[in-house]
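Only one structure is covered here, and it is reproduced in the block below.
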Amino acid sequence: KAMDPIRADRPDQSESSYLVPKGYAQMEIGFSITDTDPGFIYAYPSALWKYGLTDNFELRLITQYITIQKSPNADQNGFLPLAVGFKSKLSNQKGVLPKMSFLGHLRLPGVVSDEFEITYLAPELRLAFDHAVSDFFSVGYNVGLLWNGTDSEPYVLYSLTTGINISKRLGIFGEVYGATPQRDSESLPLNVDAGITYLIGNNFLLDVSASEGITDNADFSYVSAGFSYRFKL
């Protein structure tokens with residue numbers, strides 16, 4: 001039986017419920033420019049490294065090198081806190097019930113550039129759901145909690161993404177997403193993003209995407225490009 005084409009957690013903000021096959025590794029590399037106040041943030045690259053330990057469990061590592069543009073001659077450069085984690089499959093899609101997985105990441109103090117050090121362990125927990133409506137259209141959504149490592153209050157994460165297969169190789173997606181402090185859940189910031197993916201062979205995927213805030217409290221936008229590659233270990 002031929003292996004299914006590669007599925008990646010990038011370029012949207014939703015994590016996929018699909019896992020890397022057992023015995024395979026996958027690298028997902030992205031380059032982005034984020035427009036914030038007061039300056040730009042450049043990621044070159046942000047990388048997710050995954051390995052399929054079993055058919056139902058994958059190991060994950062996130063590395064990110066960024067530059068924060070503050071003012072002339074005052075840029076900050078370095079690695080963000082290293083994040084280690086896993087993804088575990090909970091169920092397959094059955095009729096109206098979606099495919100579901102659980103993800104956990106932990107950002108570690110000390111394994112980071114001094115400029116971006118965090119005070120506390122910073123976990124991220126989320127449930128990922130996917131529903132294949134047809135061969136051409138799919139829906140995915142996430143809900144979870146994220147700690148930033150600087151205080152004890154979690155952020156509530158939420159996202160909803162839709163994907164359309166234009167052809168066997170070309171796909172497009174659109175998404176709404178955001179995160180809000182747990183104590184301020186009445187004012188939900190919302191961002192939108194959209195992008196294109198192109199499959200080369202069965203194990204190599206290219207992507208481009210862009211995002212914009214649509215509420216007053218979602219005050220950043222970005223453009224991104226990257227690729228994902230799967231290989232046998």
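The values are calculated or read from the model by the stated rules, or taken from the named source; none is laboratory data. Keep in mind it's a predicted model, so treat the numbers as computed, not measured. Every residue, glycine among them, receives a Cβ derived from its backbone with ideal geometry; neighbour counts consider all protein chains shown. Side chains are part of the model used for accessible areas, which takes the heavy atoms of the whole protein and leaves out ligands, DNA and RNA. Shrake-Rupley method; radii C 1.70, N 1.55, O 1.52, S 1.80 Å.
Roughly how many percent of the accessible protein surface of the chain is carbon and sulfur, given a 1.4 Å probe and a whole-percent answer? Solvent-exposed carbon and sulfur of the chain make up 61 percent of the total. Accessible area per residue for the range 107-233 is 56 Å², calculated with a 1.4 Å probe on protein heavy atoms, without ligands, DNA or RNA. Once the 1.4 Å probe is applied to the protein heavy atoms, the range 3-79 comes out at 50 Å² accessible per residue.
What the Cβ-Cβ distance of LEU170 and PHE31 gives, at R0 = 22 Å and to the nearest 0.05, is a FRET efficiency of 0.55. The length gained by stretching the chain between TYR65 and VAL84 to full extension, at 0.36 nm per residue less their Cα-Cα distance, is 5.3 nm.
Largest first and in whole Å, what are the equivalent-ellipsoid semi-axes of the range 120-193 based on the Cα gyration tensor, each being the root of 5 times an eigenvalue?
Details: eigenvalues 181, 31, 20 Å².
Largest first, the range 120-193 gives 30, 13, 10 Å.
Run the numbers on the range 118-233 and let me know its relative contact order in percent, using alpha-carbon pairs under 8 Å that are six or more apart. Value for the range 118-233: 16 percent. Close lysine pairs were tallied over the chain: pairs 8 or more places apart or on different chains with Cα atoms under 14 Å apart number 8. Gain on full extension, evaluated as 0.36 nm per residue between TYR198 and GLU212 minus their Cα-Cα distance, stands at 2.8 nm.
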